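The values are calculated or read from the model by the stated rules, or taken from the named source; none is laboratory data. As the structure is a computational prediction, the values presented were derived from the model and not from experiment. Cβ atoms come from the backbone with ideal geometry, glycine included; neighbour counts cover every protein chain shown. Just the protein is used for accessible areas: all its heavy atoms, side chains included, with ligands, DNA and RNA removed. Shrake-Rupley method; radii C 1.70, N 1.55, O 1.52, S 1.80 Å.
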Amino acid sequence: QVQLVESGGGLVQAGGSLRLSCEVSGRTFGSDVMGWFRQAPGKEREFVAGIRGNGVGTSYADSVKGRFTISRDIAKNAVYLQMDSLKPEDTADYHCVAGGPYYFTVSPSLWPYWGQGTQVTVSS
């Protein structure tokens, strides 16, 4: 059984930083695309960032470019999201995803594997 488990969420003041981690068990995603989505209360799920198996190709939502950095550790079968200069509008439940297409789709339905999520709250 494939499991994606996120950690690192919490409450932070605007301008602060958090680092989210996602550890995968049950399958190796070394050559697959992994990423992060978020969902704020009452809103649709939103693509945040993605990273290819080689760890070089990345993609970011315009709303987080220059503030968030996605990375991965192939050996640990893990993906990370460094979030800096956080804003109240970044408040959401953040989900790790895996197995998406090579071209980094923003469509949630095309990512077959999802974690349960970790809550990030940014206070003003």
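Straight-line cross-link reach from LYS87 at under 29 Å between alpha-carbon atoms covers these lysines, not counting any fewer than eight positions away in the same chain: LYS43, LYS65. A Gaussian network model of the chain, with springs between Cα atoms under 10 Å, assigns the largest mean-square fluctuation among TYR60, TYR103, TYR94 to TYR103.
The charge dipole of the chain, taken about its Cα centre with unit charges on the Cβ of Lys, Arg, Asp and Glu (plus for the first two, minus for the last two), comes to roughly 160 debye.
Taking the solvent-accessible surface of protein heavy atoms with a 1.4 Å probe, what is the per residue accessible area of the chain in Å²? The partial results should precede the final answer.
Numbers: 6250 Å² over 124 residues.
Heavy-atom accessible area per residue stands at 50 Å².
In the chain, a dipole from Cβ-located charges (positive for Lys and Arg, negative for Asp and Glu) runs towards its positive end, and of SER71, PRO88, VAL12 it is SER71 whose Cα lies farthest in that direction. A simple spin-label model places pseudo-atoms 7 Å from Cα toward Cβ; at LYS43 and GLN82 they are separated by 2.4 nm.
Highest mean first, the peptides 110-121, 65-76 sorted by other C-beta atoms within 10 Å per residue fall in the order 110-121, 65-76.
Using 1/(1 + (r/R0)^6) with R0 = 35 angstrom and r between the beta carbons of ARG27 and SER124, what's the FRET efficiency to the nearest 0.05? Intermediate results must be reported in sequence, preceding the final value.
Numbers: r = 40 Å, r/R0 = 1.14.
That gives a FRET efficiency of 0.30.
In this simple spin-label model, placing a label point 7 Å from the Cα along the Cα-to-Cβ direction at both LEU11 and TYR103 gives a separation of 4.4 nm.
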